[in-house]
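The values are calculated or read from the model by the stated rules, or taken from the named source; none is laboratory data. Everything quoted here is computed from the prediction, not taken from an experiment. Backbone-built Cβ (ideal geometry, glycine too); neighbour counts: all protein chains shown. Just so you know, the surface numbers come from the protein's heavy atoms only, side chains and all, with ligands and any DNA or RNA stripped out. Shrake-Rupley method; radii C 1.70, N 1.55, O 1.52, S 1.80 Å.
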Amino acid sequence: MTGDIIIVLIILAMAVVLFVTEWVRYDGVAILVLLALAIAGSVPMASTITGFASPAVVTIAAVLVMSGGLYKTGVANLIGLQVMRLAGDSYVRVTVLLMMTVGILSGLMNNTAATALLLPVVLDISRRLAISPSRLLIPLSFGALLGGMTTLIGTGPNILLSSVLERAGLGSFSLFNFTPVGAAALLTGVAYMVFAGWRLLPDHSRADEPADRTGSRPRYNMSKALFTVTLPDGSSLAGRSLIDARLGRALGFNLLAVRRRGRMIRAPGPAFILKEGDLLVIEGERESLERLRRWGSLASQSPQDESVRGLARGSTTLVEAEIAAGSELVGESVLSLDFRNRYHSRVVAIRRGDETWSSAFEAVTLEAGDFLLLTGQEDRLRQLEEHGGFSSVIRADSETAEHRFDLSQTTMQLRVPEGSILDGQTLAATRLRRAFDFTVIAIQRAGDTIALPAASEKLRAGDVLVTECPPGGYSLIEALQALVPEDAGSALEELESEKTGFAEVTLAPASDLVGKTLHNIFFRESYGLNLLSVWRGGVAIHSGILVQRMALKFGDALLVYGPRKKIALLARDPRFLVLSSEVREHFRTGKAPVASLLMLGFIIVSSLNLVPVYIAALAGALLMVFTGCVRGNEVYPQIEWRVIVLLGGMLALGLAMEESGTAQFIAREVVGRAAEMGPRVLIASLFLLCGLAAQFVPTSAVAVLVAPIALSAASELDISPQALLMVVAVGSSCAFLSPFGHPVNLLVMNVGGYKVTDYTRVGAPLFVLLMLLVVFFLPVVWPL
């Protein structure tokens, strides 16, 4: 074993570890591998990026665009709907037609796109047959994986292996070279699922709760997440808009409907005004109200003017600073200046002529001549006298400050009572500022004053908090504490109407929202929909505050509620996939014949080898754009750029394995030993190597890494390289044992409510069947 082989094996091992652990995103792993190979000298610097110019990478990108043309024009959707209509009410017939349909589509287009396209159809069938979606979605994803094996363009590994074969000077695979083995695999999978696999599928339906129009309420257990509260007479919530009532911001609640004088007002907007006697139908955690009540009464018994005096006590003082002409503060705001950290003081109020801001002034643009009322440590404020940005800095007494800046309504004291759950909590944990816009300017504790306390400062019983707050801010806290939750009763069934309803949503295959939060993308503000729950890992998460700040993952299922026209708007966003048969993306059906002819032309040209496949694919993609099947601004979103980066980087590792002798070493020392027991043992070993790796490593990466080993083994043992690469192709696509090896499994995982073990239980027998198929049938089609 040479030094070069050791280096390449170390890089290979590190890549596999990163793929499996997902510490780094898989396209990031590819870049790290590329750089490591270049730095180590395992691949010439000029050769490290040649993978990005590989015909295989170009073909995959172009095929994805053509696949987008079939999607956008509704060709695949029309085929799926027509075939599913033939299914009738038979579960067996539905399973057969479902797997065959998605299998055929996956042979012609990206299998993830084919799965996404049929998801709403499958959910509609599950509602019609009154069966759980979990009985159909694994067959859907497995059918897509099997269908990808049937043609050259069906899946990335097939295209890559053809490119590897061509680069070795051994010709290339044609479009339908994969069909005999792939079609046999697809038929084997269908037969397995019909005769045995269906018995292993989980059933996540619940008998104690009826399904709604989305078919998803049972597993989201919405009845336990809903409750009602009634606004009592005299409540200070009455007369406030939903935004001002802070039900969502303070408590994480979603207000779904209001019953007023016997009339149900569904999905009220943020400007909706509450009234006394309103019955509010709320989704959220009742414990949020209980936690707020356990704050206790924070009302201080001190006179109001004591609140202002608390700003100038002990080492804390008040100053009135005038902004000078030409100051760096002019044109900025308190927020943009990060005033507290920059000047070590807190702005209490702003006065400009006869106009005063004693709250909500953070975004006000400052002007020369503005007077800022500041509080902070006396020595810090004294330093402002030497700051050129202020023309004057004068110490202010509390009575004058209260009168000149109108602080009586916006400055108040709160006292932490004995037994309050605030005792021991940090200021940040109380969420006083985020939830209620209360800013704690100082804390009076045992005769001392803590000026401008840090967010990490822990409160104690007996603390007096000198706060700046919006007018009527504390009355809002009291009003929320007075609410009493009650069971929702039949309210759940009344939430839907012709204009409002539920919908289940997941991220589209090419969505750029992975890793972002719904709070980051302003989901509520952009779409006017309430996000009720996220289904992830077999668990429905209902906490509104937590859900809004969760980083989204591919495969998450989101339950939303609101006006149906808003749901239709969401369906037009290419980043989301609405899983409802009632709401569909608007397809360009007028272009469907053109897209069909272009795909047919590509198939004919490729199968007759009139031009190289990547040229035919590029021409087809370009014509899809020129004819309007795919719009110009939709081209790049159709391409899975993370996959392109993955392939470009990993092809460099494949090249390094060849040139360093690593592939030959593994072929001789590992695969060669299996070959000593016979060619069928060799095939089984190669299949297992690919198949087991494909459960955790992206399938295309598996094909790239194992292909050089297979070619070296073929050369060492004088075996057909085409046959061994075909084994690699099938094994690399057998991601049946876990949801992590291929996006189609992740896409249906949370929608179907699956656990990882569900894939293993259902997929293991199919994995064994395909290994037997490869061992005994593949050599018949591709003689060794």
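Here are some notes:
- More than 48 Å apart - percent of Cα-Cα pairs taken over the chain: 37 percent
- The chain - percent relative contact order, Cα under 8 Å, separation 6 or more: 19 percent
- Modelled spin labels at R673 and K553, positioned 7 Å past Cα toward Cβ, are 3.6 nm from each other.
- Cα-Cα pairs of region 1-123 separated by more than 24 Å (percent): 53 percent
- C-alpha center-to-center spacing [region 235-286, region 85-161] in angstrom: 43 Å
- Residues whose amide H comes within less than 5 Å of that of D463, counting only those at least five positions distant or on another chain, are V416 (H built at 1.01 Å from N in the peptide plane).
- Rough spin-label spacing in nm, given labels placed 7 Å along Cα→Cβ, for R340 and F52: 4.4 nm
- Look at where the Cα atoms of region 446-474 and of region 385-408 average out, and the two centres are 21 Å apart.
- Projection of the Cα convex hull of region 433-487, averaged over all directions and equal to a quarter of that hull's surface, yields 5.2 nm².
- When you restrict to C-alpha pairs under 8 Å that are six or more residues apart and normalise by the size of region 416-467, the relative contact order lands at 49 percent.
- Sparsely packed loop sites in region 471-533 (the trypsin sites (Lys or Arg not before Pro) outside DSSP H, G, I, E and B with at most 12 other Cβ atoms within 10 Å) comprise K499.
- Phi angles of region 334-340 translate, via the Karplus equation with coefficients 6.51, -1.76, 1.60 and θ = phi - 60°, into HN-Hα couplings of 4, 5, 5, 7, 6, 4, 4 Hz per residue; Gly and Pro are given as x.
- Calculated from backbone phi, Karplus (6.51, -1.76, 1.60) coupling profile of region 765-775 in Hz, x at Gly/Pro: x, 5, 4, 5, 4, 5, 5, 5, 4, 5, 5
- A protection proxy built from the mean count of other Cβ atoms within 10 Å ranks the segments 180-192, 692-704, most packed first, as 692-704, 180-192.
- Percent breakdown of C-alpha pair distances by 10 Å bin, ordered from the shortest bin, for region 655-774: 15, 42, 29, 12, 3
- Karplus-based coupling profile of region 636-653, in residue order and whole Hz: 5, x, 6, 8, 7, 5, 5, 5, 4, 5, 4, 5, x, x, 6, 4, 5, 5, with θ = phi - 60° in 6.51 cos²θ - 1.76 cosθ + 1.60 and x standing for Gly or Pro.
- Assigned charges on the beta-carbon of Lys, Arg, Asp, Glu; the chain dipole about Cα centre (debye): 2240 debye
- Computing Rg and the Kirkwood Rh from the Cα coordinates of region 473-632 gives a ratio, Rg/Rh, of 1.15.
- Note that region 122-182 shows a convex hull volume over its alpha carbon atoms of 83 Å³ per residue.
- Think of it as helices only: each DSSP H run of n ≥ 4 in the chain is worth -39500 (n - 2.57), and spread over all residues that comes to -13500 deg cm²/dmol at 222 nm.
- Residues W23, W641, W295, W198, ordered by accessible area of protein heavy atoms at a 1.4 angstrom probe radius and largest first, appear as W23, W641, W198, W295.
- Simple label model, 7 Å out from Cα along Cβ direction - R575 to I521, nm: 0.4 nm
- Close amide H pairs (under 5 Å, H built 1.01 Å from N) link I441 with V466, T467, E468, residues at least 5 positions away or on another chain.
- Degrees, to the nearest 10: 111-128 long Cα axis against longest axis of the chain: 70 degrees
- Cα-only radius of gyration and Dmax that characterise region 554-639, units Å: 17.0, 53
- Carbon and sulfur %, accessible surface of the chain computed with the full protein complex present, 1.4 Å: 58 percent
- Region 522-539 and region 747-772 have Cα centres spaced 27 Å apart.
- In region 702-784, Cα pairs under 8 Å separated by at least six residues give a relative contact order of 31 percent.
- Lysine pair number, Cα distance threshold 22 Å (strictly under), the chain, separation 8 or more or different chains: 8
- Cα gyration tensor of region 378-478 - equivalent ellipsoid semi-axes, whole Å, descending: 27, 17, 13
- Packing-based order for 97-110, 607-620, using average beta carbon neighbours within 10 Å, highest first: 97-110, 607-620
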